[in-house]
Amino acid sequence: MKTIVLLLSLLMVSVATAQVFDADLELRPRLELRNGYKSLLSHEQEGTELVNQRTRLSLGYKQERLQVRFSLQNTRIWGDVPLQTPKDQNGIAVFEAYAAYEVAEDFSIKLGRQVLSYDNQRIFAQSDWAPQGLTHDALVFTFLPAA
């Protein structure tokens, strides 16, 4: 009987607090045609083609005031590493790993490796066009007063 009461109370608590868990998988291959940079190639040189790929797995958890995100990624150029090589040059790296807590309605704290993207993104941008992306290890305090 105690077990049933405990399970029902846990169910009621989990229903009362909205919890969201999400998982995302991103596969982004990109073909590049390299035929000179800042100047044309000479007649003796030839251009080259390559395909780079970013694979990113992201896991997120969100509760009323708490948000946690963890993302792993692998970037590589197709054919760069032979199949039978035991040591891969491009391993798996942490793209994002942060926790954010909303202290009050207008104040929150975010700590960890995160994307910084502000205003018109001239100085701090997500820069997602690069194969590896751009993140920063930071502690961010956000204050948004009610208008």
Leaving out ligands, DNA and RNA, and with a 1.4 Å probe, what % of the accessible surface on segment 95-147 is carbon or sulfur? 58
Net lengthening on full extension, Ile92/Asp24 (0.36 nm per residue, minus Cα-Cα): 22.9 nm
Taking Lys and Arg as +1 and Asp and Glu as -1, residues besides Leu25 with C-beta under 15 Å from its C-beta add up to 0
Using only Cα atoms, locate the centre of segment 29-54 and the centre of segment 113-133, then give the distance between them in Å, rounded to an integer. 25
Kirkwood hydrodynamic radius for segment 75-147: how many Å is it when counted over pairs of different Cα atoms? 15.2
How far apart, in nm, are the 7 Å Cα→Cβ label points at Arg122 and Phe143? 2.5
In Å², and per residue, what accessible area does segment 22-147 have when probed at 1.4 Å with the other protein chains present? 77
Please give the peptides 38-51, 110-123 ranked by average Cβ packing (other Cβ atoms within 10 Å per residue), highest first, as a rough proxy for protection. 110-123, 38-51
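The values are calculated or read from the model by the stated rules, or taken from the named source; none is laboratory data. As the structure is a computational prediction, the values presented were derived from the model and not from experiment. FYI the Cβ positions are ideal-geometry reconstructions off the backbone, even for glycines, and counts take in every protein chain you see. Heads up: the accessible areas ignore ligands, DNA and RNA and are worked out on the full protein's heavy atoms, side chains in. Shrake-Rupley method; radii C 1.70, N 1.55, O 1.52, S 1.80 Å.
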